[in-house]
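Participant: Supplied in structure tokens, the structure appears directly below.
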Amino acid sequence: MNLWRILTNGVVKENPVFRLLLGLCPLLAVTTALMNGFWMGVAVIFVLTSSNIIVSMLRKVIAPRIRIPCFIVIIATFVTIVQMTMNAYLPDMYEILGIFVPLIVVNCVILARAEAFASKNPVVSAAVDGIGMGLGFTIALMVLGGVREFFGTANLVINGQPLFDAPLFEPALIMIMPPGAFITMGVLLALLNVMVNRGRSGAGA
Amino acid sequence: MEIIAILLGGVLINNLVFAQFLGLCPFVGVSKNVEMATGMSAAVLFVMTMAAGVTALLHSLVLDPYGLTYLETVTFILVISSLVQFVETFLRKASPVLHRSLGIYLPLITTNCAVMGAALISVRQGYGVGLSAVNGFAGALGWSLAIILFAGIRERLELASVPEALKGIPVALVTTGLMAIAFLGFQGLFRFLF
Amino acid sequence: MTDYKFVVGSSPHLRTSENTPRLMFYVLQALFLVAVASTILFGVRAMAIIGVSVLAALAAEALWQKGLRQPVTVADGSAAITGLLIAFNMPPLVPLWVPALGSAFAVIVVKQFFGGLGHNFMNPAAAGRAFLVSAWPLAMTSGWLTPFDGATSATPLQVLGGSSGSLPEGWQMLMGWRAGCIGETSALVILIGGLYLIYRQVIDWKIPASFIGTVALFAWVFGGTDGWFTGDVLTHVLSGGLLLGAFFMATDYVTSPVTKRGRLIMGLGCGLLTALIRLWGGYPEGVTYAILLMNVATPLIDRMTIPRPFGTRQTKVTG
């Protein structure tokens, strides 16, 4: 399969969040700010790509009956690596993301890709699939994080630097609280549905 | 007193779904009707209480004393998935009736991040084995309350003329958000207990 | 495949000659009384808040329905009721954009997202207020005035909760001469409006009676500062949004149970939760949250209290 198609597949056509609705918990929990979404996304890209590579390399070795536990151990190992690295170099972000870093291990996106793609495809495709899916997840995290941060704090912080000198309007605190996460995500998905339907009827006409 | 605080906190104030964003996949997936939600709740109650207790035991007996806490993620996920397997096998032999009602839900639990989440939270709070089990139970109770209430509303939504673009998951998420607003009313309840 | 569905009109499903706009008209009459009272008490500010809020609710509904090419149902009065109730729940000094956004949220997210009148599972006004309290807590929990003289002052519930200030006399609270949201203070007028709706058979007495009764009981037993059974029942019943909520928000057909037993449970639950939040919670007032939580439980209450036809098997309801 064409590598470019595999990459864009994860970002657009089978975007794990917007199209397949996988990994909702970390998505909603950590997206109180744009940068939280970014770093969570980086962690997921790393785990997803690495585990895809190893699963693909071992795909002829692992006995089918015990494949799921094997996948879990592989994923858990990379999650532990991420935990240690983040704790060492980004301790503040590690603190903010909290239990959702170790919880990457139960993120359905990762196990689903190991099972559905990496265990059936060669190493290079598996790696590209991991990057594509991870990117798709990161984009979703950053969109949701950006929207929530913008309306919830009336500002955007990028790399520790606020984008605007003062809040632009009276911030709606609820956006960075749990209800804001659910409602924003629901509205984003609905808008996406509207866009997809528009595109479809446009193509049909 | 601490037990009461953990129970109240877990069910009402720090509800897994409405405040902590845990266990959302099955929350959205298995909530189409109240019966299914109840079955799933029973399975989660059972597994989560045990998982929180067992992982706390493992943490305090093995990982902590031997300086192996970095293996937390790996060991916890293994313990939880084998526990689910074990519970399934055990129920099949010991109580076929219970197995018939819970059986289909059990495999779904391994990917339920709430179980792992409750275990991690218990350890980070420094609860002992007993309190960890209570914390797991409280979390599961709160999750069950949330999913059963949600399933009741979703059954009613089946009949509602929801706009096309919002049908399905989007409106389910908005519903959850509105429920989370209602649960905000419990913020700060019984502050003197905590 | 044709998707054949039974077409059901929106609730209330009543077997009378009354139709929805007529019932809404009675509610509007009762709410109009309250609006007049709040204008007398809080002056032009109250009028401005009410105007902005109602206009925002009507505009939001009309724009949404225009946008979706649905028939515009602004004339059924339900959006106006939502707007009025949101306005009544505002502190006198609130910035005017707050009720406007609250009304828009209530009409679009809480009602129209679910398919419009009859399909929402939460009372739009209550949800709108709770949304505003979380979104702009400062604007929603400060800016209290005493009527007429316009002096800033703590509300009676804040005083009960330990803020400095003195409690008004019983007759003052009955007439609405106390600090509070613009439409919640005039207890007597709300009571008249509520009784009028009961007389017109628009609302069922069971919800307000059990709601207010439960709050009174709990306030009396646990609300006192020197031991049990010493609580200040009158202040608890007449203060806060209890009367407004009990008569006008908890009784919403769409979001409250349909059975008699269910309605008693609804009122009881609302009362219990209100008392819980007022006495031991983090907010001074719990009426809105109590109503919302019972709205959430309403489908289950209906499930458990709808009588099964004779001779059918009992459906298993667990949990």
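The values are calculated or read from the model by the stated rules, or taken from the named source; none is laboratory data. The shown structure was predicted, so the numbers you read here are calculated from the model rather than taken from an experiment. Note that each Cβ is placed from the backbone with ideal geometry, even for glycine, and that neighbours are counted across all protein chains shown. Ligands, DNA and RNA are stripped out before the accessible areas are found, and what is left, the full protein with its side chains, is counted by its heavy atoms. Shrake-Rupley method; radii C 1.70, N 1.55, O 1.52, S 1.80 Å.
Participant: Can you pull out the residues in segment A:19-29 that are facing chain B (nearest Cβ under 9 Å) and part of a loop (DSSP other than H, G, I, E, B)? It would help to see each step written out before you state the result.
Facilitator: So the first thing to find is which residues in segment A:19-29 are facing chain B (nearest Cβ under 9 Å), and the list is A:21-29.
Selection gives A:Leu21, A:Leu22, A:Gly23.
Participant: Among B:Ser101, B:Ser82, which is the only one that is open to solvent by 30 Å² or more (accessible area, probe 1.4 Å), within 12 Å of another protein chain (Cβ to nearest Cβ) and within 25 Å of A:Arg65 (Cα to Cα)?
Facilitator: Values: B:Ser101 fails: within 25 Å of A:Arg65 (Cα to Cα).
After applying the criteria, what remains is B:Ser82.
Participant: Restricting to segment B:20-41, give me the number of residues that are open to solvent by less than 40 Å² (accessible area, probe 1.4 Å), among the small types (Gly, Ala, Ser) and on the phi < 0 side of the Ramachandran plot.
Facilitator: 4
Participant: Do we have A:Asn9 as surrounded by fewer than 18 Cβ atoms within 10 Å (Cβ to Cβ) and more than 28 Å from A:Ala154 (Cβ to Cβ) here? Even if it seems obvious, please write down each step before you answer.
Facilitator: Working: surrounded by fewer than 18 Cβ atoms within 10 Å (Cβ to Cβ): no; more than 28 Å from A:Ala154 (Cβ to Cβ): yes.
Taking the combined requirement at face value, the residue does not satisfy it.
Participant: What single numbered condition from (1) surrounded by fewer than 24 Cβ atoms within 10 Å (Cβ to Cβ); (2) touching a helix residue (DSSP H, G or I) at 6+ places or on another chain (Cβ under 9 Å); (3) not polar (S, T, N, Q) fails to hold for C:Ala246?
Facilitator: The failed condition is (1).
Participant: While we're here: Given the condition in a helix (DSSP H, G or I), among the aliphatic types (A, V, I, L, M), in contact (Cβ under 8 Å) with a residue 40 or more places away in the chain and closer than 16 Å to A:Phe38 by Cα, answer yes or no: does some residue in segment A:150-168 qualify?
Facilitator: No; the residues of segment A:150-168 include none that is in a helix (DSSP H, G or I), among the aliphatic types (A, V, I, L, M), in contact (Cβ under 8 Å) with a residue 40 or more places away in the chain and closer than 16 Å to A:Phe38 by Cα.
Participant: Only one of these is open to solvent by 60 Å² or more (accessible area, probe 1.4 Å) and modelled with pLDDT under 85: C:Gly150, C:Gly162. Name it.
Facilitator: Of C:Gly150, C:Gly162, the one residue that is open to solvent by 60 Å² or more (accessible area, probe 1.4 Å) and modelled with pLDDT under 85 is C:Gly162.
Participant: Can you confirm whether C:Gln112 is part of a helix (DSSP H, G or I), in contact (Cβ under 8 Å) with a residue 60 or more places away in the chain and on the phi < 0 side of the Ramachandran plot? Lay out the reasoning, then the answer.
Facilitator: Numbers: part of a helix (DSSP H, G or I): yes; in contact (Cβ under 8 Å) with a residue 60 or more places away in the chain: no; on the phi < 0 side of the Ramachandran plot: yes.
Taking the combined requirement at face value, the residue does not satisfy it.
Table: residues versus (1) at the interface with chain C (Cβ under 7 Å from one of its Cβ atoms); (2) surrounded by 24 or more Cβ atoms within 10 Å (Cβ to Cβ).
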| residue | (1), (2) |
| --- | --- |
| B:Ala133 | no, no |
| B:Ala140 | no, yes |
| B:Ile147 | no, yes |
| B:Glu158 | no, no |
| B:Ser161 | yes, no |
| B:Leu166 | yes, no |
| B:Pro170 | no, no |
| B:Ala180 | no, yes |
| B:Gln187 | yes, no |
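Participant: Given the residues C:Pro92, C:Pro99, C:Pro71, which is the only one that is part of a loop (DSSP other than H, G, I, E, B) and more than 30 Å from A:Asn197 (Cβ to Cβ)? Show your work before the answer.
Facilitator: Details: C:Pro99 fails: part of a loop (DSSP other than H, G, I, E, B); C:Pro71 fails: more than 30 Å from A:Asn197 (Cβ to Cβ).
Answer to the selection: C:Pro92.
Participant: Which one is nearest to B:Phe186 (Cα to Cα), of the residues in segment C:133-142 that are within 10 Å of chain A (Cβ to nearest Cβ) and in contact (Cβ under 8 Å) with a residue 40 or more places away in the chain? Give the derivation first.
Facilitator: Let us first name the residues in segment C:133-142 that are within 10 Å of chain A (Cβ to nearest Cβ), namely C:133-139.
Still in the running and in contact (Cβ under 8 Å) with a residue 40 or more places away in the chain: C:133, C:139.
On the way: C:Val133: 14, C:Ala139: 21 Å.
The extreme case among them is C:Val133.
Participant: OK, next. Do you know which residues across segment B:18-31 are over 15 Å from A:Leu22 (Cβ atoms) and at the interface with another protein chain (Cβ under 9 Å from one of its Cβ atoms)? Steps first, answer last, please.
Facilitator: Taking segment B:18-31 first, the residues over 15 Å from A:Leu22 (Cβ atoms) are B:18-20, B:22, B:30-31.
The answer is B:Phe18, B:Ala19, B:Gln20, B:Leu22.
Participant: Give all pairs with beta carbons closer than 9 Å in which a residue from segment B:84-98 that is over 23 Å from B:Val115 (Cα atoms) meets a residue that is of a type outside the set (Gly, Ala, Ser) and surrounded by 12 or more Cβ atoms within 10 Å (Cβ to Cβ); count only pairs at least 6 apart in sequence or on separate chains.
Facilitator: Correct list of pairs: B:Lys93/B:His99.
Participant: Please indicate, with yes or no, whether at least one residue in segment A:30-40 is of a type in the set (A, V, I, L, M, F, W, C), buried (at least 21 other Cβ atoms within 10 Å of the Cβ) and within 14 Å of another protein chain (Cβ to nearest Cβ).
Facilitator: Yes, that holds for at least one residue.
Participant: For the structure I just gave you, tell me whether C:Lys66 is of a type in the set (D, E, K, R), open to solvent by 20 Å² or more (accessible area, probe 1.4 Å), assigned to a helix (DSSP H, G or I) and within 14 Å of chain B (Cβ to nearest Cβ).
Facilitator: On the way: of a type in the set (D, E, K, R): yes; open to solvent by 20 Å² or more (accessible area, probe 1.4 Å): yes; assigned to a helix (DSSP H, G or I): yes; within 14 Å of chain B (Cβ to nearest Cβ): yes.
So C:Lys66 fits the description; yes.
Participant: Okay, next question. Enumerate the pairs (first residue in segment C:190-208 and touching a residue at least 60 places away in the same chain (Cβ under 8 Å); second residue anywhere and open to solvent by 30 Å² or more (accessible area, probe 1.4 Å) and part of a helix (DSSP H, G or I)) with beta-carbon separation below 6 Å, excluding pairs fewer than 6 apart on the same chain, so at least 6 apart or on different chains.
Facilitator: Close Cβ pairs satisfying both conditions: C:Gly193/C:Leu33; C:Lys206/C:Arg263; C:Lys206/C:Leu264; C:Ile207/C:Arg263.
Participant: Then there's this: Among (1) under 21 Å from B:Trp143 (Cβ atoms); (2) open to solvent by less than 30 Å² (accessible area, probe 1.4 Å), which single condition is B:Thr49 missing?
Facilitator: Of (1) under 21 Å from B:Trp143 (Cβ atoms); (2) open to solvent by less than 30 Å² (accessible area, probe 1.4 Å), only one is false for B:Thr49: (2).
Participant: Restricting to helices (runs of 4 or more DSSP H) lying wholly in segment A:42-143: which have 3 or more residues that are without any contact (Cβ under 8 Å) to a residue 24 or more places away in the chain and of a type in the set (A, V, I, L, M, F, W, C)?
Facilitator: A:67-89
Participant: Applying the selection to segment C:215-238, what residues are surrounded by fewer than 20 Cβ atoms within 10 Å (Cβ to Cβ) and under 30 Å from C:Tyr253 (Cβ atoms)? Break it down into steps so the answer makes sense when it comes.
Facilitator: In the first step, residues of segment C:215-238 are kept if they are surrounded by fewer than 20 Cβ atoms within 10 Å (Cβ to Cβ); the result is C:216-217, C:220-222, C:224-230, C:232-234, C:237.
Passing the criteria: C:Ala216, C:Leu217, C:Val233, C:Val237.
Participant: Out of B:Leu120, B:Leu106, which single residue is modelled with pLDDT under 85, aliphatic (A, V, I, L, M) and either outside any loop (DSSP other than H, G, I, E, B) or surrounded by fewer than 20 Cβ atoms within 10 Å (Cβ to Cβ) (or both)?
Facilitator: Details: B:Leu120 fails: modelled with pLDDT under 85.
Just a single option satisfies the conditions, and that option is B:Leu106.
Participant: Could you list, in sequence order, the residues of segment C:259-297 that are open to solvent by 10 Å² or more (accessible area, probe 1.4 Å), more than 18 Å from C:Val233 (Cβ to Cβ) and more than 13 Å from every other protein chain (Cβ to nearest Cβ)?
Facilitator: C:Thr259, C:Lys260, C:Arg261, C:Arg263, C:Leu264, C:Ile265
Participant: Would you say C:Thr251 is in a loop (DSSP other than H, G, I, E, B), without any contact (Cβ under 8 Å) to a residue 60 or more places away in the chain and open to solvent by 40 Å² or more (accessible area, probe 1.4 Å)?
Facilitator: Values: in a loop (DSSP other than H, G, I, E, B): yes; without any contact (Cβ under 8 Å) to a residue 60 or more places away in the chain: yes; open to solvent by 40 Å² or more (accessible area, probe 1.4 Å): no.
No; evaluated as a whole, the condition is false for this residue.
Participant: Among the residues of segment C:38-62, how many are β-branched (Val, Ile, Thr) and either in contact (Cβ under 8 Å) with a residue 60 or more places away in the chain or surrounded by fewer than 16 Cβ atoms within 10 Å (Cβ to Cβ) (or both)?
Facilitator: Filtering segment C:38-62 down to residues β-branched (Val, Ile, Thr) leaves C:39-40, C:44, C:49-50, C:52, C:54.
Narrowing further to those that are either in contact (Cβ under 8 Å) with a residue 60 or more places away in the chain or surrounded by fewer than 16 Cβ atoms within 10 Å (Cβ to Cβ) (or both): C:40, C:44, C:49-50.
Qualifying residue count, segment C:38-62: 4.
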